[in-house]
Every structure is written in C-alpha cells, then in structure tokens.
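Asks: The structure's right below; bear with me while I get my questions together.
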Amino acid sequence: MHPPDPRPEPGYAANCAARTIVLIGPTSAGKSTVGEALARQLGLPFVDSDQVISEHHGPIPELFATLGEPAFRRIESATISSLLGDPAIPTVLSVGGGAILDPETRRLLSALTVVWLDTDLEHVLPRLLARPDRPLLRGDIAEKWERYASARRPLYAELADLKIDARTGGIEELAETVAQRLLERS
C-alpha cells in the first residue's frame, strides 16, 4: 500500500496552489493561524518554520539569548531552505517576521507564492502582550514592534505577490480571502 499523495486533488486547491504559498509579515500578524486555516481550506500540508526551529534547536528566545540574532538567522534560513524541499509538492509555510532579512531566504521565497499579512500595532498589541517572551521585543514592546515592522515593510512589499489586510475578519475569513485572491490570480 502506498502512502497518500500529498499533492492536492485537481480543482480548487490545485488552481490556488500550483506552488508553495509562504505567509510573511510582522510578528503576531497571524501567519501561523491563518496559514493553518488556509492549508485546511486548500487541502495542503502546513508548516511553521518557527515551530520546526524550536523542535530541532530549542526555544527561539533561548537561541537568541545564547547564540545571538546573526546565528539564529542562519539557523532560520537553513531551516526554511530545508522545508521548501520538493517544489513539486505545494505546501503552506509560515515564516518568522524577520526571516525576510536574510538575502538567501528572500531569494528562495521569490520563486514561490508569497502572501504578506499586513497589520498594525493596534491589532497585534494584545497578542504581543500575551507573549512577552519574544526576544527582539523585550522592553518597550510597542515601540520595538513599530520600529521592526516599519524597517521590514519594504522587504515585505518587495517579496509579496499578494498583500492582505490582516486587521479585518477572523482567521477563517482571512484564510478564505487569501484562497480567493490566489484563485483569482491563477
């Protein structure tokens, strides 16, 4: 007996996702939760690069504390590269907010379908306050989030095939919006 084919059935999912779909955006934009919902809707596998990093290397806050940001970014880039694997098998992949800082990661993502979940501080602040362990946001969380989001915005814009306003609607509604916009593009 053969394992099930991970590629989507012809139809809706196949039209939406001929290539891997990567969700980018600032910290707490909803990349993981929207990504999971999108993958369910499209019948595709879902992978969260931050989760894989944590499983293989330990908690991200500890990696930042012990190795520093440059070493973490190298681990992150290598992880994303390995997750992309077989380009013939579409996947929904969410990456950390700073993953786009690495030139090699940007090069890899540029060959895929990249969806930018755009948001603002007002909408993410409750999530940020609920998870104060984010290593780059220690101290004044709001000021640091604004600074990082603003600095990374041009890179998100450069990579994005689609820009989605993540400030409106719930998780399933955002995933449906992404899927519909992908279908319109195919």
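The values are calculated or read from the model by the stated rules, or taken from the named source; none is laboratory data. For clarity, every value in this text was computed on a predicted model and none was experimentally measured. Positions of Cβ are backbone-derived with ideal geometry, glycine not excepted, and every protein chain shown enters the neighbour counts.
Asks: What number goes with the only condition from (1) in contact with a helix residue (DSSP H, G or I) (Cβ under 9 Å, 6 or more places away or on another chain); (2) within 19 Å of Val22 (Cβ to Cβ) that Asp120 does not pass?
Replies: All conditions are met except number (2).
Asks: Which of the residues spanning region 79-94 are surrounded by 21 or more Cβ atoms within 10 Å (Cβ to Cβ) and touching a residue at least 60 places away in the same chain (Cβ under 8 Å)?
Replies: Pro90, Thr91, Val92, Leu93, Ser94
Asks: State whether one or more residues within region 47-56 are without any contact (Cβ under 8 Å) to a residue 12 or more places away in the chain, more than 19 Å from Ile24 (Cα to Cα) and either assigned to a helix (DSSP H, G or I) or among the hydroxyl-bearing types (Ser, Thr, Tyr) (or both).
Replies: Within region 47-56, one or more residues are without any contact (Cβ under 8 Å) to a residue 12 or more places away in the chain, more than 19 Å from Ile24 (Cα to Cα) and either assigned to a helix (DSSP H, G or I) or among the hydroxyl-bearing types (Ser, Thr, Tyr) (or both).
Asks: Restricting the search to region 24-36, which residues are buried (at least 22 other Cβ atoms within 10 Å of the Cβ), part of a helix (DSSP H, G or I) and small (Gly, Ala, Ser)?
Replies: Residue satisfying the conditions is Gly35 alone.
Asks: Mind checking which pairs have a first residue in region 161-186 that is farther than 15 Å from Leu23 by Cβ and touching a residue at least 24 places away in the same chain (Cβ under 8 Å) and a second that is surrounded by fewer than 19 Cβ atoms within 10 Å (Cβ to Cβ) and small (Gly, Ala, Ser), Cβ under 8 Å, 6 or more apart or different chains?
Replies: If the second residue must be surrounded by fewer than 19 Cβ atoms within 10 Å (Cβ to Cβ) and small (Gly, Ala, Ser), the pairs left are Ser186/Ala18.
Asks: Only one of Arg73, Arg106 is modelled with pLDDT of 90 or more and more than 27 Å from Glu184 (Cβ to Cβ). Can you tell me which?
Replies: Answer to the selection: Arg73.
Asks: Can you name the residue in region 95-114 that is assigned to a helix (DSSP H, G or I) and either in contact with a Phe, Trp or Tyr (Cβ under 6 Å, 6 or more places away or on another chain) or in contact (Cβ under 8 Å) with a residue 12 or more places away in the chain (or both) and, of all such residues, is surrounded by the fewest Cβ atoms within 10 Å (Cβ to Cβ)?
Replies: Ranking the qualifying residues of region 95-114, first place goes to Glu104.
Asks: Another question, if that's okay. Scanning for something assigned to a helix (DSSP H, G or I), within 12 Å of the chain's Cα centre (by Cα) and over 27 Å from Glu173 (Cβ atoms), does region 80-93 turn up at least one residue?
Replies: yes
Residues checked against (1) among the acidic types (Asp, Glu); (2) at pLDDT below 95; (3) in contact with a Gly (Cβ under 6 Å, 6 or more places away or on another chain):
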residue: Pro6; (1), (2), (3): no, yes, no
residue: Gly11; (1), (2), (3): no, yes, no
residue: Cys16; (1), (2), (3): no, yes, no
residue: Glu36; (1), (2), (3): yes, no, no
residue: Gln41; (1), (2), (3): no, yes, no
residue: His56; (1), (2), (3): no, no, no
residue: Pro59; (1), (2), (3): no, yes, no
residue: Phe64; (1), (2), (3): no, yes, no
residue: Leu67; (1), (2), (3): no, yes, no
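Asks: Still on this structure: Quick one: which of Arg167, Arg181 is assigned to a loop (DSSP other than H, G, I, E, B) and either out of contact with any helix residue (DSSP H, G or I) (no Cβ under 8 Å at 6 or more places or on another chain) or over 16 Å from Leu109 (Cα atoms) (or both)?
Replies: Matching residue, one of Arg167, Arg181: Arg167.
Asks: Also: Of all residues being farther than 18 Å from Ala166 by Cβ and among the aliphatic types (A, V, I, L, M) in region 110-128, which is modelled with the lowest pLDDT? Just the residue, please.
Replies: Ala111
Asks: Test Ala175 against the stated conditions and say whether it is part of a helix (DSSP H, G or I), in contact with a Gly (Cβ under 9 Å, 6 or more places away or on another chain) and farther than 29 Å from Ala71 by Cα.
Replies: yes
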